[in-house]
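There's a structure below that I have some questions on.
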Amino acid sequence: MNYNWNWGIFLAAEPGGTGTYLKYLVVGLGWTLVTALAAWVIALAIGSVVGTLRTTPMPWVVRLGNAYVEIFRNVPLIVQMFLWFFVMPELLPKALGDWVKQVPPPWGSYIPAVLCLGLYTSVRVAEQVKAGINSLSRGQGMAGTALGLTLGQTYRFVLLPMAFRIVLPPLTSEFMNVIKNSSVALTIGLLELTGRARAMQEFSFKVFEAFAAATVIYLLTNLVVVFAMRALERKVRVPGMISASSSAGAH
Amino acid sequence: MFSDYDFDVIQRSAGYLFRDGMTFTLTLTGLAMMGGIFFGTLLAMMRLSPFKALALLAGSYVNLMRSMPLVLVIFWFFFLVPYIGAWIIGAKDPVKVGSFMSCLITFVMFEAAYYCEIMRAGIQSIPRGQVWAGYALGLNYSQTMGRIVLPQAFRNMIPVLLTQTIILFQDTSLVYVISATDFLGAASKVANRDYRLVEMYTFVALVYFIMSYGLSTLVKNLQQRIAIHR
């Protein structure tokens, strides 16, 4: 291959004046993680509520939850990013919209990116939580009712503590998806890891070094997440159950 | 909020959006699905093969692809394919590759990893006794796979394969990052030219929603129809 490799490029200074390219990429990883974690908090909160509501015996609540899931699942992530970034400020009242547009970088793209990723991921979490609750035997809910618990108490004390421990492995793979999906935020100007690898390639013309470094960083991040979550899964695993492994599919 | 909504811009650009943009998106989705399922099945057979080296090779490829963000993979192939092309035909300089070809190669290679995991699950869902029965009848490996295991694996996995294809259809919008003119790319070009971002992006979202929702409803119905009741 006719390509001049130069791995020393990582120690060269990047044109923005913040230090070496290596530091530039590592800061990018920081942004990736900060974006993914903030989005994950939103996703877990909304996803757990929506997922739980979709298993209740109230038909209109279920229908509302289903509508929410279908809306966020059937529009591509990048289009949702654009809706949050370009369209949302225009639909707000004028003064508020103008204020939103003037939020200085990087927060101007960080906040829409987090909201977008959070809601996008929340429907996936909702699906997992719903599947987890439905995987419990029906007798558990009935037993709760027979003991005189209200619907809320049945969920709080009987169903949810079991369901969350069961859905932990599939949630791990959803968390890795958030990390990967946060790269889409580069389209609205957030300089996270992939965005910075791309910027490095434009400044230095060292295409493959930049992307190779980003790839390695993503691989290492994945490894760390997998090991941390395995440890957590071992700790909270329901005794006597074959731990449900995550299935293949979406990204 | 719809007081200064310019419906005309959508009407004006509909020809361009659908003739150029949607054609690109749908062709890319269709070809990437076929290529992805073909290579995905090969990868699945490699992963399940008794030759450790083959299994390891396929496994590493699948895990590598699955731990990278699609945007990064698109960038990789966008820059890598010209060099690979030059290497194959022995040219000195990187060859020029059109954006469609680059996208197609990216999506075939990337989706193959995801289709592989689906096909692996499909193959593993076939009782082992069927493979033994095939060998007992004197069939060789490719006959057993081609006539007994794979047809059943495909049938069991059709709904999952199609669901993955809907995800692929949505993912093709990410070719925006290399400025390819898919449906979203076309809409964004019109949006920026006429400064009609609100109209174009809400319209794009609506079209994607209707198509994905329609397709997933079809898959759900299909799933109920072809399910084997045991």
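Within the range A:11-21, how many residues are in contact (Cβ under 8 Å) with a residue 60 or more places away in the chain and under 29 Å from the mean Cα position of the chain (by Cα)?
1
Under 7 Å between Cβ atoms, at least 6 apart or on separate chains: pull out the pairs that start in the range A:69-94 with a residue that is touching a residue at least 12 places away in the same chain (Cβ under 8 Å) and charged (D, E, K, R) and end on any residue that is crowded, with 20+ Cβ neighbours inside 10 Å and part of a helix (DSSP H, G or I).
Correct list of pairs: A:Arg73/A:Val123.
Which of the residues that make up the range A:153-183 are among the aliphatic types (A, V, I, L, M), touching a Phe, Trp or Tyr at 6+ places or on another chain (Cβ under 9 Å) and within 14 Å of chain B (Cβ to nearest Cβ)?
Once the filter is applied, which keeps residues that are among the aliphatic types (A, V, I, L, M), touching a Phe, Trp or Tyr at 6+ places or on another chain (Cβ under 9 Å) and within 14 Å of chain B (Cβ to nearest Cβ), the range A:153-183 yields A:Val178, A:Ile179.
May I ask you to say which residue of A:Glu174, A:Glu192 is among the charged types (D, E, K, R), more than 27 Å from A:Val49 (Cβ to Cβ) and in contact (Cβ under 8 Å) with a residue 60 or more places away in the chain?
The match here is A:Glu192.
When only residues in the range B:199-218 that are of a type in the set (A, V, I, L, M) and surrounded by fewer than 22 Cβ atoms within 10 Å (Cβ to Cβ) count, which is farthest from B:Asp20 (Cα to Cα)?
That would be B:Leu218.
Can you name every one of the helices (runs of 4 or more DSSP H) wholly within the range A:31-146 that holds 1 or more residues which are more than 13 Å from chain B (Cβ to nearest Cβ) and closer than 30 Å to A:Val158 by Cα?
It comes to A:59-73, A:107-135, A:138-146.
Next question. Tally the residues that are buried (at least 18 other Cβ atoms within 10 Å of the Cβ) and in a helix (DSSP H, G or I), restricting the search to the range A:1-30.
Here the count works out to 7.
Something else: What number of residues within the range A:199-212 satisfy the criterion of being surrounded by fewer than 22 Cβ atoms within 10 Å (Cβ to Cβ) and either in a helix (DSSP H, G or I) or modelled with pLDDT of 90 or more (or both)?
So the count comes out to 9.
Could you say whether any residue in the range B:178-196 is facing chain A (nearest Cβ under 9 Å) and without any contact (Cβ under 8 Å) to a residue 12 or more places away in the chain?
Yes: the range B:178-196 contains one or more residues that are facing chain A (nearest Cβ under 9 Å) and without any contact (Cβ under 8 Å) to a residue 12 or more places away in the chain.
For the range A:232-239, check the following and say yes or no: at least one residue is away from chain B (no Cβ under 11 Å), at pLDDT 90 or above, out of contact with any Gly (no Cβ under 8 Å at 6 or more places or on another chain) and not in a helix (DSSP H, G or I).
no
The values are calculated or read from the model by the stated rules, or taken from the named source; none is laboratory data. As the structure is a prediction and not an experimental result, all values here were calculated from the model. Glycine gets a Cβ as well: all are built from the backbone with ideal geometry, and neighbour counts include every protein chain shown.
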